[in-house]
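Structure first, commentary second.
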Amino acid sequence: MRKAIGIGETILDIIFRNGQPVNAMPGGSTFNTMISLGRAGVPSAFVTDLGNDRVGDNIRSFMRENGVDDSGVSVNLDIQSPISLAFLDERSNADYEFYRAPFPVDSDWVCPAVERDDIVVFGSFYALDPLSRYKVHALLEAAHEAGAIVYYDVNFRRNHQGQAVRLMGTMLENFEFADIIRGSDEDFDILYGLRESAEVYRTKTAFYCPRLLCTRGAEGVDVHTRTLSKHYDSPSITPVSTIGAGDSFNAGISYSLIKNRIRRDDLDLLSEADWDQILHCAQAFSSATCLSMENYVPCGFRP
């Protein structure tokens with residue numbers, strides 16, 4: 001049975017509205033994706049780092065309760081699990097403050113087994129950080145050798161903008177590993193000063209990866225491949241919180257690829273109708289997440 005494997009940071013999100021804490025839940029970009037996939041019934045596993053503390057214990061329990069294999073979690077005795085404060089504005093968009101210490105290299109870590117046509121999801125600063133790069137690179141090599149589908153979520157935050165030039169070589173390597181790249185218009189504005197997705201695809205990503213998904217929040221999604229360039233409007237909803245919306249979009253892409261038996265060798269053959277179906281699924285996942293205070297789709301969700 002095909003499975004999804006994710007790698008990235010895990011963090012406890014404490015969510016504020018009008019200056020008051022209103023919720024707390026495990027988060028992290030790829031973590032949220034894996035929880036949504038686990039809740040939707042996709043066999044999932046996640047590689048991450050946590051401290052040997054109550055927060056870390058609760059997060060691992062949460063993973064298992066939601067169908068996500070936690071055997072790839074490295075538990076460090078000397079570092080506390082990370083925490084973030086997420087402040088929601090009047091449009092339910094979040095601004096973050098992070099509290100975390102770097103995790104040391106885990107010499108006992110073993111790369112999980114990857115099989116052909118599995119889906120490997122990675123991204124954010126974790127995929128660029130020299131301290132975690134050894135794990136990311138090992139998993140990407142394993143995915144490449146196995147013939148898995150590699151999905152890269154750029155998710156490059158403005159607080160790292162000053163490091164963009166230094167990290168660009170690693171990002172380009174990520175582009176080369178990827179079968180599908182997903183980034184927001186804000187990501188590409190921060191990285192390249194470009195917001196037009198067609199120009200980003202033509203000048204920045206197409207040479208490395210033939211498929212680009214550019215999300216624009218409430219303004220929808222642009223899809224670019226060798227044979228297709230199409231815009232999809234976002235469904236009209238009133239969001240409760242947008243935290244995890246893009247992460248669940250990623251889960252919806254992965255879910256659709258598995259549900260519709262789309263394998264790596266099929267990606268170049270996808271028609272416009274195929275992409276219509278894939279994007280409909282991804283937007284359904286994203287919308288479901290926006291309608292709750294959780295960072296993921298509801299338990300048992302099916303689009």
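The values are calculated or read from the model by the stated rules, or taken from the named source; none is laboratory data. The model shown is predicted, which means the values in this text are computed figures rather than measured ones. When we count neighbours, we look across all protein chains shown, and the Cβ atoms used for this are built from the backbone with ideal geometry, even at glycine.
What the table shows:
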| item | result |
| --- | --- |
| Hits in region 56-76 - residues which are in a strand (DSSP E or B) and either of a type in the set (D, E, K, R) or in contact with a Gly (Cβ under 7 Å, 6 or more places away or on another chain) (or both) | V68, D69, D70, V75, N76 |
| Close pairs (8 angstrom Cβ cut-off, 6 or more residues apart or separate chains): within 18 Å of M63 (Cα to Cα) in region 276-302, modelled with pLDDT of 95 or more and among the aromatic types (F, W, Y) anywhere | T289/Y296; V297/F285; F301/F285 |
| Filter result for A24 (crowded, with 23+ Cβ neighbours inside 10 Å and more than 11 Å from the chain's Cα centre (by Cα)) | no |
| Strands (runs of 3 or more DSSP E) wholly inside region 77-150 that include at least 2 residues being crowded, with 18+ Cβ neighbours inside 10 Å | 83-88, 119-123 |
| Criterion (under 30 Å from F16 (Cα atoms), touching a residue at least 12 places away in the same chain (Cβ under 8 Å) and not hydrophobic (A, V, I, L, M, F, W, C)) met by exactly one of T225, T205, T215 | T215 |
| Top-ranked residue of region 182-226 - restricted to ones that are β-branched (V, I, T) and more than 18 Å from A245 (Cβ to Cβ), ranked as surrounded by the fewest Cβ atoms within 10 Å (Cβ to Cβ) | T203 |
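Condition check ((1) touching a strand residue (DSSP E or B) at 6+ places or on another chain (Cβ under 8 Å); (2) of a type in the set (S, T, N, Q); (3) crowded, with 16+ Cβ neighbours inside 10 Å; (4) closer than 19 Å to I181 by Cβ) across all residues:
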residue: V240; (1), (2), (3), (4): no, no, no, no
residue: S256; (1), (2), (3), (4): no, yes, yes, yes
residue: A273; (1), (2), (3), (4): no, no, no, no
residue: A282; (1), (2), (3), (4): yes, no, yes, yes
